[in-house]
Amino acid sequence: MANSDKDIDSAIEELMAGATGTDETDKPETEESDEPAATDREAELEADIEALKSERDEMRDRWMRALADAENSRKRADRDRKEAENYGGSKLARDLLPVYDNLSRALHTVTDEQREANTALIEGIELTLRELVNVYSKHGITPIEPKVGDRFDPQYHEAMFEAPVPDTKAGDIIQVSAVGFMLHDRLLRPAHVGVSSSPAS
């Protein structure tokens, strides 16, 4: 009976040792089983890093695009503002050109006798014309004043007629019927001129 109890105790100790103990041959298997888990974790971390990098690059690209759009909008607004400042009154300026023409014609047709008889009136017309020219200049409107003998330039002149004139070349200006005007760097109205044609043979 004593031997049986000893055998039972020995068996229990062996079972306990097997349950709690670790055989040396089992250690490599445990280490090998942990390696796939560590590899999977590293792969997940690398995937997360790549995802964050991709998101960062996308946000940077969006930010650069937004910055470029804002800069383009600012430049476009500046250009539109300058356009409005320089050329917004072009229609009004063009409508006022006949006033200049009429005042100029009135002064050019005045004779010496009329000037002596109506000095105050003539001086008033001259003063009005000078003031109109000053206002034009203030707003960037400058006259185009070709002279007889100048060459015809289609960019600034409009030929109202052609006629053969002795001692002239084809394309020479032979008459100026109306002064032209520029609005800054734009043509507001070409000068109206007569142009010499080739002399008839």
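No lab work stands behind these numbers, since they all come straight from the coordinates. These numbers come from a predicted model, not from an experiment. Glycine also receives a Cβ, built like all others from the backbone with ideal geometry; neighbour counts cover every protein chain displayed.
So here's what we get for this one:
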item: Projected label distance in nm at His184 and Glu44, using a 7 Å step from Cα toward the beta-carbon; result: 6.5
item: Whole-Hz ³J(HN,Hα) from phi, Karplus 6.51 cos²θ - 1.76 cosθ + 1.60, for the stretch 84-95, glycine and proline x; result: 5, 5, 7, 10, x, x, 5, 5, 5, 4, 5, 5
item: Packing-based ranking, highest mean first, of 126-138, 183-195 given that Cβ atoms within 10 Å are counted; result: 183-195, 126-138
item: For a label point 7 Å along the Cα-to-beta-carbon line of Asp101, residues of the stretch 179-194 with backbone N under 16 Å; result: 179-182, 188-194
item: Whole-Å distance, taken between Cα centres, linking the stretch 116-153 and the stretch 166-198; result: 17
item: At R0 = 45 Å, FRET efficiency that the Cβ-Cβ distance of Thr142 and Ser198 yields, to 0.05; result: 0.85
item: For Leu188, distant residues with modelled amide H under 5 Å away; result: Phe181, Met182, Leu183
item: Among Met59, Ala37, Ser73 the positive-end extreme of the charge dipole of the stretch 27-87 (Cβ point charges); result: Ser73
item: Distance violations [Cα-Cα > 22 Å] among Lys82/Lys138; Lys82/Lys147; Lys53/Lys75; result: Lys82/Lys147; Lys53/Lys75
item: Distance (nanometres) between label positions extended 7 Å along Cα→Cβ at Leu127 and His108; result: 2.5
item: Computed lengthening from Ala117 to Ala68, 0.36 nm per intervening residue step minus Cα-Cα distance; result: 10.7 nm
item: Built amide H within the under 5 Å cut-off of Val176, gap 5+; result: Gly194
item: Proximal charge balance of Ser197 [Cβ under 12 Å; K/R count +1, D/E count -1]; result: -1
item: Computed over the stretch 106-201, the ratio Rg/Rh where both radii use C-alpha atoms and Rh is Kirkwood; result: 1.10
item: Counted charge near Ala178, where neighbours are those whose Cβ lies closer than 11 Å (Asp, Glu -1; Lys, Arg +1); result: -1
